[in-house]
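Presented below is the structure to which this report refers.
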Amino acid sequence: MDRRCVYYKLPLLESGTLGTKGNVQIVLPHITESYSSSQDPPEKTIPMCTLKNFPNAIEHTIQWARDQFEGLFTKTAENCHKFITEPKFLEKQKSGGALMSILEGLRKDLSRERLMISRIV
């Protein structure tokens, strides 16, 4: 694409995002450096859009699995424990904005726990 824009003397506008950061590069043939002559800095983290939509490297699938595991087993268990042991746990969550998802997770996990206990007893 870059070579075609230079050949036909057309400007090229390249843009992208990484989380909350964005970038734009304008390439004007024979005025600015071409797109192919510049290099992006190495990414420190894997973009969430890559993990959710197009994991194309083994590192992406490993990170996706870690995120899934943490969401299913770590966060849920921590929230249940804090709900039971910390009297003001829900009040603290109101400021974070994740209250509804936490309440839904608590409802599912604590009712599941109650069901398992009733089967034992």
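Which loop trypsin sites (Lys or Arg not before Pro) in segment 4-101, with loop taken from DSSP, have no more than 13 other Cβ atoms within 10 angstrom of their Cβ?
In loop regions of segment 4-101 (DSSP not H, G, I, E or B), the sparsely surrounded trypsin sites (Lys or Arg not before Pro) are 9, 44, 88.
Between 0 and 90 degrees, rounded to the nearest ten: what's the tilt of helix 58-69 against the longest Cα principal axis of the chain?
Approximately 30 degrees, to the nearest ten.
Of the accessible area of the chain, with the probe set at 1.4 angstrom, what percent is carbon plus sulfur?
Working: 6140 of 10410 Å².
Answer for the chain is 59 percent, counting heavy atoms of protein chains only.
Over the residues of the chain, compute the C-alpha Rg and express it relative to 2.2 N^0.38 Å.
On the way: Rg = 23.8 Å, N = 121, 2.2 N^0.38 = 13.6 Å.
So the chain has a normalised radius of gyration of 1.75.
What number comes out for the charge environment of residue 74, summing +1 per Lys or Arg and -1 per Asp or Glu over other residues with Cβ under 15 Å away?
Numbers: positive: 66, 75, 82; negative: 67, 70, 78, 109.
Cβ neighbours under 15 Å give a net charge of -1.
So for the pair residue 32, residue 9, with labels modelled 7 Å out along Cα→Cβ, what separation do we get in nm?
Taking the two extended label points, one gets 1.9 nm.
Straight-line reach only, C-alpha to C-alpha below 14 angstrom: list the aspartates and glutamates that residue 44 could link to, leaving out same-chain residues fewer than 8 apart.
59
Under a Cβ-Cβ cut-off of 12 Å, what is the net charge of the residues other than residue 12 that fall near it, where Lys and Arg count +1 and Asp and Glu count -1? The partial results should precede the final answer.
Numbers: positive: 3, 4, 9; negative: 2, 14, 33.
In short, 0.
Which loop GluC sites (Glu not before Pro) in segment 1-84, with loop taken from DSSP, have no more than 14 other Cβ atoms within 10 angstrom of their Cβ?
Numbers: sites: 14, 33, 43, 59, 70, 78; in loops: 33, 43.
Passing sites in segment 1-84 are 33, 43.
Which loop-located chymotrypsin sites (Phe, Trp or Tyr not before Pro) does segment 1-55 contain, where loop means any DSSP state but H, G, I, E or B and the Cβ has at most 14 other Cβ atoms within 10 Å? Could you put the intermediate results ahead of the total?
On the way: sites: 7, 8, 35; in loops: 8.
Passing both the DSSP loop test and the Cβ count: 8.
The values are calculated or read from the model by the stated rules, or taken from the named source; none is laboratory data. What you see is a predicted model; the values in this text were computed from it and never measured. Here the Cβ is made from the backbone with ideal geometry for all residues, glycine too, and neighbour counts use every protein chain on show. Just the protein is used for accessible areas: all its heavy atoms, side chains included, with ligands, DNA and RNA removed. Shrake-Rupley method; radii C 1.70, N 1.55, O 1.52, S 1.80 Å.
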